[in-house]
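Report on the following structure.
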Amino acid sequence: MGPDDGAIAEIWREHHRYVLDIAYRMLGSVSDAEDAVQEAFARLVRTGSEEIEDVRGWLVVVVTRLCLDQLRSSRTKRESSVGAWLPEPVVENDLADPADRITLDDSVRMAMLVVLERLTPAERGAFVLHDVFGFSFEDIAKILGRSVDGSRQLASRARKRVHEETGPSRFEVDPAELSRIADRFISAATDGDVDALMDVLDPKVVGWTDTGGMPGTPLKPIEGRDRVANQFLRFMRLFRVTLHPMPVNGEPGVLARSDGRLLAVIAFETREGRVSRIHGIANPMKLGYVASVLGERD
């Protein structure tokens, strides 16, 4: 006999956010993460929580394995996508139940999630579980179906790549300074001032755009502040864009709207007071979560 509704509701409140945090870091998609978590809880109901000694541990095992299956099945599709593949963005939702929020910390930076996407599913699982959530390699080995040494090696390879390809933690930078950088970007772009926009960009800035394969999508990253600045101003003019500040995945960012409709979510990474990386998500399939948080969903 399965647990009653009250018991499941309590388990949901206690463990949902934790396993959702794992699933989002594994998949880079809010909707896919929610699907994995929902399936794990459905299996819990069928199994019966009274039969399980460690409910959270059981949920972690099930969610992680569901995520690994999802990564393996979607890998070819993502690798064949036109242009950049970027994670589904997340913004803070103070109105949501705390159990339903994704925790915004350094492990959900866009650059971090992009690098995680390049790992094998097993490497990603080992890194997320050990380096982000502190699981032992003994536990990880059981979840992944690998040896302890093999799991340790998976995490080590992933860690090396993460350290090589991501910048320093944003928490090393004053949040007020990050906000000022975003405001300068918005002001320069809104005024169409290419010189002011270039001044807020790092000389070696790189910009990625995920449109879901729309015509005209850049197939490669745009590099250099001259090209990035001019490309962004063309975007502003073409779609008559208005920009609004909004932290994205815990980093400085902006919402781009056209005729009042959410058009794109843009996250910035900074270095020495300038924007060094721009991740623009204009894929309609990846704007649903942000739109729902903002109350803009159809």
Interchain or sequence-distant (5+) residues whose placed amide H lies within less than 5 Å of the amide H of V275 are L201, D202
Once every Cα of segment 40-161 carries one equal point scatterer and solvent is ignored, give the base-10 log of I(q)/I(0) from the Debye formula at q = 0.10, 0.13, 0.20 Å⁻¹, two decimals. -0.37, -0.63, -1.29
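On the protein heavy atoms, probe 1.4 angstrom, tell me the percent of accessible surface of the chain carried by carbon and sulfur. Don't skip to the answer; put the middle values down first.
Details: 7280 of 14570 Å².
Accessible surface attributable to carbon and sulfur in the chain totals 50 percent.
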Paramagnetic label zone (point 7 Å from Cα along Cα-to-C-beta, S49; backbone N under 20 Å) in segment 101-130: 101-102
If R0 = 30 Å, then N93 and R72, at their Cβ-Cβ distance, give a FRET efficiency to the nearest 0.05 of 0.50
Under a 1.4 Å probe, what is the accessible area of the chain per residue, stated in Å²? 49 Å²
Based on DSSP H runs of at least 4 residues, each adding -39500 (n - 2.57), what is the mean residue ellipticity at 222 nm of the chain after dividing by all its residues, to the nearest 500 deg cm²/dmol? -16500 deg cm²/dmol
Radius, Kirkwood style, for segment 93-193 when every pair of distinct Cα atoms is counted (Å): 16.0 Å
Any chance you could list the semi-axes, whole Å, largest first, of the equivalent ellipsoid that the Cα gyration tensor gives for segment 188-293, using √(5λ)? 20, 15, 14
How many angstrom lie between the Cα centre of segment 188-221 and the Cα centre of segment 256-298? 13 Å
By per-residue mean of other Cβ atoms within 10 Å, what is the highest-first order of 22-29, 157-164? 22-29, 157-164
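Please work out how many pairs of lysine residues in the chain are eight or more positions apart (or on different chains) and have Cα atoms closer than 25 angstrom.
On the way: K77/K220; K77/K286; K142/K160; K160/K204; K160/K220; K204/K220; K220/K286.
Close lysine pairs found across the chain: 7.
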With segment 144-248 reduced to its Cα atoms and the Debye formula applied, log10 I(q)/I(0) at q = 0.13, 0.17, 0.19 1/Å amounts to -0.67, -0.94, -1.09
Kirkwood Rh over alpha-carbon pairs of the chain plugged into Stokes-Einstein at 10 °C, 1.306 mPa s gives a D in µm²/s of 78 µm²/s
If you filter segment 189-288 for trypsin sites (Lys or Arg not before Pro), then keep DSSP loop positions with at most 11 other Cβ within 10 Å, what is left? R240
Approximate spin-label separation D105-D149, in nm, with each point projected 7 Å along Cα-to-Cβ: 3.1 nm
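The values are calculated or read from the model by the stated rules, or taken from the named source; none is laboratory data. Please read all numbers here as calculations on a predicted model, not as lab measurements. Don't worry about glycine lacking a Cβ; one is built from the backbone with ideal geometry, like all the others, and counts go over all protein chains shown. Accessible surface is based on the protein model in full, side chains and every heavy atom, while ligands, DNA and RNA are left aside. Shrake-Rupley method; radii C 1.70, N 1.55, O 1.52, S 1.80 Å.
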